[in-house]
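K.L.:
Below is the structure I would like to discuss, written out as structure tokens.
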Amino acid sequence: MALCTAARTLHPESVGVITINMSTSFIGAGSGARLLADARVMKDGRSMSFVEAEAKNEDGTLVAKAIATVRVLLKEKS
């Protein structure tokens, strides 16, 4: 979710994104009341974005890291 949201922030006119490819590494156990996700766009194009994200426990310990390629869906022109 965080990956796709990051991609859409650079394309506010988009209607969504489709995940083309994603690789996730699960590094540690989730613990505590909340899991925090942080995502960023590494490279952005007209219709494709390359994004990465990390999920961490509240104490900052890394739980998972993911990288993905997503296709941005734009509104069709009338």
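K.L.:
Quick one, which of (i) 42, 14, 12; (ii) 28, 12, 9; (iii) 18, 12, 11 is the actual semi-axes √(5λ) of the Cα gyration tensor in Å calculated for this model?
P.N.:
(ii)
K.L.:
What is the calculated FRET efficiency for Arg34 to Leu10, with r their C-beta to C-beta distance and R₀ = 30 Å, to the nearest 0.05?
P.N.:
0.70
K.L.:
Arranged from highest to lowest average of other beta-carbon atoms within 10 Å per residue, in what order do the peptides 54-63, 1-10, 25-34, 67-76 appear?
P.N.:
Most protected by this proxy first, the peptides run 1-10, 67-76, 54-63, 25-34.
Quick note: the coordinates plus some simple rules give every number you see, no bench work behind them. Nothing here was measured: the structure is a model prediction, and the numbers come from that model. Quick reminder, even Gly has a Cβ in these numbers, built from the backbone with ideal geometry, and neighbours come from all protein chains shown.
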